[in-house]
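Remarks on the structure that follows.
The values are calculated or read from the model by the stated rules, or taken from the named source; none is laboratory data. Note that the structure is a prediction, hence the values are computed from the model and not measured. We place every Cβ from the backbone using ideal geometry, glycine too, and count neighbours over all the protein chains shown. Ligands, DNA and RNA are excluded from the accessible area calculation, which covers all protein heavy atoms including side chains. Shrake-Rupley method; radii C 1.70, N 1.55, O 1.52, S 1.80 Å.
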Amino acid sequence: MRDLILFPRKTRFWWRPSMATSFLNGERAVVVFFIGILFYSLPPSLLFHGVALSLLTLASFSLEISFDSSNSPSLFRTRPGASSGILLGAVTLPSLLLSKLVQLSRGFSLDQLQLQEIQYLTLQYWATSASACSVVLFLAFARRRSSLSPSHWGARFSLCSIFLGILISVAALATTSQIGMHPALKLAWVFCHGLASVKLIQHFLKTFPSCASIGEAFLVTSGIVLYFFDMLLLTTKKLHGLLVSSESVTAEYETSRSEISIIIQGLVLGLLLYPIALKYFLQIWEWSINTSPAGARRYHEIGRTVIFLASLGFVLIVIVPSWMQFVKGFHVHPFFWVISFVFSEPSKRLSMCIYWMCIICVSVLRFYNISKNSKIERILLRKYYHLMAVLMFLPALIFQPKFLDLAFGAALAIFLMLEIIRVWRIWPLGQPINQFMNAFTDHRDSDLLIVSHFSLLLGCALPIWMSTGYNDRPLAPFAGILSLGIGDTMASMVGHKYGVLRWSKTG
């Protein structure tokens with residue numbers, strides 16, 4: 001077939017049929033296919049939501065091609081050897097929330113849930129879309145400024161798509177009757193999400209260079225912003241209920257929150273915000289040591305440990321539980337609520353804990369010895385932990401799903417604390433934890449920040465957490481465990497044994 005040559009103004013762009021495979025590699029094809037299926041299943045009431053998501057997909061798709069095909073130096077210090085991943089990072093959360101909206105709309109048509117659930121999730125969807133659009137807009141402007149050819153088609157097309165998507169989103173958000181907030185408040189709320197996402201991804205890529213691709217940083221920062229503003233909205237609603245009489249408080253965003261979800265949210269966000277305070281505490285400690293006599297410096301490490309334990313204990317025992325009790329109204333301290341919850345069915349839940357501890361101890365000790373004394377590649381060794389996750393979580397999901405929710409939150413909190421100890425080198429556990437974790441890392445991890453264990457845990461936990469409440473898909477909670485524990489493991493083993501057949505050079 002003869003090549004088709006296009007001559008836009010200022011640039012010359014050659015398109016060949018063979019370039020289609022390089023543009024639409026495996027990951028992009030899967031994302032586009034999923035967005036197409038999602039758009040096909042939308043009811044008429046969610047048409048504007050789908051159009052906004054389609055424009056976001058086009059913008060992030062063209063921007064990813066622009067980043068990956070560029071020969072100029074990277075704008076950010078990202079994970080070596082990884083593609084930008086902008087498309088997947090931009091559309092994952094909005095498409096996930098839109099899928100949930102489709103599911104809730106089916107339940108609402110069957111009178112199985114209240115309108116408030118749809119109202120709240122609609123606000124979350126537009127806020128997440130605003131975060132994604134803002135970051136894509138920031139990346140597109142950064143791409144245009146750094147490119148040797150400022151008129152690069154990918155950045156220009158991305159900017160046009162985003163601006164059109166913003167106009168449609170603002171019109172839909174201001175006119176929809178499902179959200180009862182004042183239009184100015186709705187626009188300000190989603191604007192704050194977008195601004196916070198841009199600032200956070202800049203801070204993340206600067207503070208943790210070479211730890212993640214742009215898409216991975218995109219996904220993490222969007223999730224943190226969404227989770228934090230959800231906490232802020234819950235707190236604001238509670239304050240509004242205290243300041244205004246209960247008869248005048250509307251229930252537009254009143255959603256059913258279980259005690260377990262509040263406990264997990266408080267723990268995770270408290271531990272994510274805690275390093276900011278720890279940084280200033282340790283800076284004050286360092287300053288006091290530097291101005292003290294030289295003989296006092298031998299207590300430096302012990303002092304750092306005391307400050308860490310005291311501040312962490314104050315956050316986890318006082319500050320975080322106080323917020324939980326304020327928002328949810330626990331009649332007892334949340335820590336004692338967890339104990340009473342575990343011992344409400346002691347034979348099942350304690351035996352499950354013993355089962356987990358046995359698997360963890362045997363597997364970790366065995367795999368750690370193998371990693372030191374064997375030549376097995378790290379990527380295969382790490383896949384054994386995926387199989388271990390299946391053995392641990394699948395029985396609990398079948399027999400004790402609520403207890404598994406709480407256990408996932410506790411495990412995520414422990415992982416965050418261990419990573420804080422490792423990064424800050426808190427004596428005496430900082431260095432041993434760092435050596436232990438490095439035994440399972442490969443070229444995709446950085447010594448500055450290790451995220452593989454977080455990815456495995458969240459990949460298994462998020463489908464279960466998002467399936468709480470109304471769910472007409474019984475197999476949805478099993479998606480993470482089966483795809484990561486079995487599908488990803490088998491893909492790695494088969495690929496390692498039989499090699500790789502790439503769809504395109506960039507795939």
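Summary table
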| item | result |
| --- | --- |
| For S213, distant residues with modelled amide H under 5 Å away | R79 |
| Sites W465 and A310 - FRET efficiency at Förster radius 51 Å, r taken between beta-carbons, to 0.05 | 0.95 |
| FRET E, pair I398, L167, Förster distance 35 Å, beta-carbon r, rounded to 0.05 | 0.15 |
| Taking all pairs of distinct alpha-carbon atoms in the stretch 345-496, Kirkwood radius in angstrom | 16.7 Å |
| Charge dipole magnitude, Cβ of K and R +1, D and E -1 - the stretch 345-496, Cα centre, debye nearest 20 | 300 debye |
| Cβ-defined net charge surrounding R28, 11 Å radius [Lys, Arg +1; Asp, Glu -1] | -3 |
| F141-L96 pseudo-label distance in nm [points 7 Å out on the Cα-to-Cβ vector] | 2.7 nm |
| Cα convex hull of the stretch 26-243 - mean projected area over all directions, nm² | 12.9 nm² |
| Approximate spin-label separation I302-S258, in nm, with each point projected 7 Å along Cα-to-Cβ | 4.6 nm |
| Within the accessible area of the stretch 26-243 (1.4 Å probe), percent carbon and sulfur | 71 percent |
| Packing-based ranking, highest mean first, of 336-349, 188-201, 469-482, 223-236 given that Cβ atoms within 10 Å are counted | 188-201, 223-236, 469-482, 336-349 |
| √(5λ) per eigenvalue of the Cα gyration tensor, the stretch 297-359, largest first, Å | 31, 22, 7 |
| Extension gain, F336 back to Y498 (0.36 nm per residue minus Cα-Cα distance, nm) | 53.1 nm |
| Distance violations [Cα-Cα > 18 Å] among K238/K402; K100/K199; K237/K328; K348/K402; K238/K328 | K238/K402; K100/K199 |
